[in-house]
Amino acid sequence: MSTEQTPLLGRRRTESLAIDKASLVKEASQMFPLAWPVSVGYLLQMSLNTAAVLALGRLGTNALASMALATLYANVTGYSLIVGMGAAIDTLCSQAFGEHLAGTGEKRELGRHLSRTIFIMYIMCIPISILWWFTEPLLLLANQDPQIAALSAKYTRLLIPSLFPFQCLIAGMLLAYARFVEGGDAFGGWEWKQVLNVRKLWNVTQLGVSGILMTCSEWWAWEIVALMAGILGPEYLAAQTIVLTSCQWAYTMPMGFSIACTTRIGNALGAGSPYQAKLSAFAGVYLGVALTVMNSSLFLLGRNGLGYLFSDDEKVIEIVKQMVPLVAAFQFADIQGCICAGILRGAGRQEIGAYLNIFGYYVFGIPIGTYVCFNLGGKLLGLWTSLTVILFIVCFVLIYMIWRMDWDKEADNATSDLDD
């Protein structure tokens, strides 16, 4: 009889079991309950930024450009670092829960991993707040328009409370819920002795740094694109903001399935079930194809009206209209990259994504895109075209590496990492 302590599929080598269509469909269906709450949460989080874009777009192009530049700066110097560090939780908690299911781990280790990561994140908020306070002089060093830099600095300073009071409130509510409503068996309260365990903190930091490299290498690249759009002019920066905001909305469903992949794969590896981990990875890639078709179709159908949702400036609207077909094609690389990142987090292999992102964006994508944008007169469309082509190549390399991954070895590595 199976119990909560039974491994997902037992310790079996992946070569001994074939993956068929029925098992892929079943695995995909099991991801939906994990994916939709994450997608809804991400959608609600995105609505804050989208509301600001919609409101400021009606005030004028300069107002929208200032908000875009402030968001760019806050993302590069703050939010991307915090989100990247959070990748440590994805790996450690999913694998620790899998080990618990296998009967070889303690469930309260999930809460301890969470506490350690939150502790590190709040330490990071101190230097981030200082950088946000001195936004204007740093933007001027980046050759941005003085008026837009001044407005952006005001906006960024108002974001500082989002680092401490607001996040403290959210974290406190989550921890209280876990402790007193549901999850008390996984979180026994704040244990300072466990939180300050140097060896465990170092393990979190190592995974977090890999997560930061993987997250920031991609996130920062698009902020560099926004910076270049700002050099082209306020209209191009406004158009870039509209297009990127739309892409972020389209990203909500893939993000949910990315987290679902992380959870399923991490649980499977922690429980010593490499076949289940491989099955979840393949199901995630196939789901990514379906999501690509859906998102690309929606972009193409809304091509003529997208710009009007955000702006009254006809030049901005025309630039957005020109960009939409390319954005629709870009969905494949964006969605599969998102899904593959979730697979790598579940396996604790964030460094693979980091290296490929750095190679794709900074060795080829951005240098070539910059040349096409400024030297060949391609402007924003030329910049996006270069990046999209390179990201397609990176995406196919990622899929191939996941396809060839030794899942038996990853299961052994997961067990040894949790025992450290």
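The values are calculated or read from the model by the stated rules, or taken from the named source; none is laboratory data. Please read these numbers as outputs of a predicted model, since none were measured by experiment. Reconstructed Cβ throughout: ideal geometry from the backbone, glycine too, with neighbour counts over all protein chains shown.
How many residues are of a type outside the set (S, T, N, Q) and either over 16 Å from ILE366 (Cα atoms) or not in a helix (DSSP H, G or I) (or both) when one looks only at segment 187-243? The total comes to 31.
Can you name the residue in segment 126-151 that is at pLDDT below 90 and touching a Gly at 6+ places or on another chain (Cβ under 8 Å) and is also nearest to VAL225 (Cα to Cα) among such residues? Step by step, filter segment 126-151, then rank; the result is GLN144. Kindly indicate which of LEU279, LEU287, LEU269, LEU309 is over 18 Å from ALA347 (Cβ atoms), of a type in the set (A, V, I, L, M, F, W, C) and in a helix (DSSP H, G or I). On inspection, the qualifying residue turns out to be LEU309. Among the candidates GLY346, GLY342, GLY353, GLY360, the residue that is crowded, with 19+ Cβ neighbours inside 10 Å, at negative phi and free of Cβ contacts under 8 Å to residues at least 60 places away in the same chain is uniquely GLY360. Screening SER416 with (1) under 20 Å from the mean Cα position of the chain (by Cα); (2) surrounded by fewer than 21 Cβ atoms within 10 Å (Cβ to Cβ); (3) at pLDDT below 90 gives one miss only, at (1). Residues in segment 222-230: is at least one under 22 Å from ALA55 (Cα atoms) and at pLDDT 85 or above? Within segment 222-230, one or more residues are under 22 Å from ALA55 (Cα atoms) and at pLDDT 85 or above.
In this structure, ILE335 does satisfy being crowded, with 24+ Cβ neighbours inside 10 Å, in contact (Cβ under 8 Å) with a residue 24 or more places away in the chain and β-branched (Val, Ile, Thr). Of all the residues in segment 64-115, those that are buried (at least 22 other Cβ atoms within 10 Å of the Cβ), within 30 Å of ALA150 (Cα to Cα) and not aliphatic (A, V, I, L, M) number 5.
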